[in-house]
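See below for the structure under consideration.
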Amino acid sequence: MTIRLPDFKGGSRTYEPRPEPLAVTSGSPFTSRTVFSAAHVVADPFADTSPDSPAAVDWDATLAFRRHLWSHGLGVAEAMDTAQRGMGLDWAGAAELIRRSAAEAKAVGGLIACGVGTDQLTGPATLDEVRAAYEEQLALVEASGAQAILMASRALAAAASGPEDYLEVYGHLLRQASEPVVLHWLGPMFDPALEGYWGSSDLDAATDTFLEVIAAHPDKVDGIKVSLLEAQREIDIRRRLPQGVRCYTGDDFNYPELIAGDEKGFSHALLGIFDPLGPLAAEAVRVLDTGNVVGFRELLDPTVELSRHLFQAPTRFYKTGVVFLAWLAGHQSHFTMVGGLQSARSLPHLARAYELADGLGLFPDPKSAEERMKNLLSLYGVDQ
């Protein structure tokens with residue numbers, strides 16, 4: 001069987017899908033790395049909503065996807081940007097997501113960490129209001145029993161006048177955190193409103209402030225997640241961390257080399273790309289657990305082309321490709337998204353994502369994925 005896919009020049013090409021998926025197995029817990037996958041939310045396709053109305057979430061399908069990730073040994077990074085925080089999912093929806101996912105994690109023994117932000121603030125805010133918003137969300141995550149991930153705040157980026165404001169706000173939050181947290185530096189390629197975070201658009205100066213926050217409270221920082229898509233900068237930051245503070249790579253362009261590491265250290269992982277790569281990524285980490293770096297790279301390196309495609313500029317729309325692949329893989333019955341974000345990528349982009357994912361064997365049922373892809377193509381007027 002073949003399928004006609006649109007190219008990027010207004011024409012089409014013929015592609016022959018692979019007949020069998022990649023063979024993977026669930027196995028023992030990871031021993032060499034801590035690995036989280038950020039997870040998307042599944043929209044309710046039957047809800048009568050508009051792009052700017054509160055999200056309607058299919059909770060059963062959303063939680064089933066988290067159980068899929070846990071079944072392969074991955075931790076779930078919940079209510080992060082992959083879950084469309086600030087791009088379709090508001091704080092009320094995120095709070096419900098955190099409560100439900102944390103309860104599910106307890107029920108199945110899954111590892112979970114949840115995003116703490118300030119997205120209940122919908123307009124200009126003072127530093128005191130930013131601090132209070134962070135505190136409200138931190139309290140909810142801690143009450144749920146999940147680990148907290150302190151996410152970058154649009155409101156703080158707008159309100160802060162310089163590095164000292166970041167030092168004060170984060171210092172206050174770390175002092176009152178009951179357990180060590182993960183600090184997340186999300187770059188402006190993921191969210192343009194975060195330009196100049198840590199008080200400077202100069203990344204060297206911003207890095208110094210970021211590390212100053214950690215150095216002041218190393219006992220309250222489990223680790224950091226760096227999402228700047230610059231491998232060398234992450235390595236440089238990793239080497240400057242206090243003893244015992246982990247680096248979780250958030251680099252969806254260079255993750256295999258960063259997780260593999262070098263003679264001076266390695267990164268753990270907290271990645272959006274592991275949402276579609278889950279079983280394959282878990283298989284690769286188990287190979288790495290045996291000390292087989294070459295085998296790890298042989299499994300994970302071929303996935304980078306897909307990841308770079310999904311996360312290409314404008315990077316913030318990577319979520320569309322992630323949900324699209326979840327639909328093709330059978331994790332949800334439809335390709336709709338909260339906020340109507342299914343329209344954020346072009347048909348040629350989605351077709352290439354299908355081709356790359358199929359080539360990696362990511363679809364448990366390649367025939368079903370092919371049929372779903374053909375259905376989408378027919379809606380766009382591409383005859384087979």
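The numbers here are math on the coordinates, done by the rules we state, and not lab data. Everything numeric here is computed off the predicted structure, so don't read it as measured data. Ideal geometry is used to build each Cβ from the backbone, glycine not excepted, and the neighbour counts take in all protein chains shown.
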Loop-only check: which trypsin sites (Lys or Arg not before Pro) in the range 6-42 are DSSP coil with at most 16 other Cβ within 10 angstrom? LYS9
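Using 0.36 nm per residue, how much length does the chain from GLN176 to ASP289 gain when fully extended, once their Cα-Cα distance is taken away? Write out the running numbers ahead of the final one.
Numbers: separation 113, 0.36 × 113 = 40.68 nm, distance 3.52 nm.
Contour length minus the Cα-Cα distance gives 37.2 nm.
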Antiparallel content of DSSP bridges confined to the chain, in %, to 5: 20
For a paramagnetic label modelled at 7 Å from the Cα of GLU168 toward its Cβ, which residues of the range 110-126 fall within the zone defined by backbone nitrogen distances under 17 Å? 125-126
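With n ≥ 4 as the cut-off for DSSP H runs, can you work out [θ] at 222 nm for the chain, using -39500 (n - 2.57) per run divided by the number of residues, rounded to the nearest 500? It would help to have the intermediate numbers written out before the result.
On the way: 14 runs with 168 residues, N = 384.
Using -39500 (n - 2.57) per qualifying helix, the result is -13500 deg cm²/dmol.
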Excluding the sites themselves, what is the longest stretch of the chain that contains no GluC sites (Glu not before Pro) in a DSSP loop with at most 12 other C-beta atoms within 10 Å? 1-194
Which of the residue pairs LYS225/LYS319; LYS220/LYS319; LYS264/LYS319; LYS319/LYS374 have a Cα-Cα distance greater than 26 Å in the structure shown? LYS220/LYS319; LYS264/LYS319
Sites GLU135 and THR14, calculated FRET efficiency, Cβ-Cβ separation with R0 45 Å, nearest 0.05: 0.20
Subtracting the Cα-Cα distance of GLU230 and ALA158 from 0.36 nm times their residue separation yields 23.5 nm
Obtain the nm distance between the two label points defined at TYR380 and ALA215 by a simple spin-label model: each point lies 7 Å from its Cα along the Cα-to-C-beta direction. 5.0
Treat the count of other C-beta atoms within 10 Å as a stand-in for reagent exposure and order VAL57, VAL42, VAL293 from fewest to most. VAL293, VAL57, VAL42
Which distance in Å, rounded to a whole number, links the C-alpha centroids of the range 321-384 and the range 158-189? 38
Distance between modelled label sites at SER28 and ALA92, nm, 7 Å Cα→Cβ extension: 4.8
Under a 5 Å amide H to amide H cut-off, with H placed in plane at 1.01 Å, what residues pair with ASP90 once short-range neighbours are removed? ALA55
When a/c reaches 1.5 or more, the comparison of a/b and b/c decides; with that in mind, is the range 1-93 rounded, prolate or oblate per its Cα gyration tensor? oblate
For VAL108 and THR2, compute 0.36 nm times the residue count separating them, minus their Cα-Cα distance, and round to one decimal in nm. 34.1 nm
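Could you work out Rg/(2.2 N^0.38 Å) for the chain, with Rg from alpha carbons only?
On the way: Rg = 20.3 Å, N = 384, 2.2 N^0.38 = 21.1 Å.
Rg over 2.2 N^0.38 Å, computed on Cα atoms: 0.96.
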List, in order, the whole-Hz ³J(HN,Hα) value for each residue of the range 33-39 obtained from phi through the Karplus relation with A = 6.51, B = -1.76, C = 1.60 and θ = phi - 60°; use x for Gly and Pro. 9, 9, 10, 10, 10, 5, 10
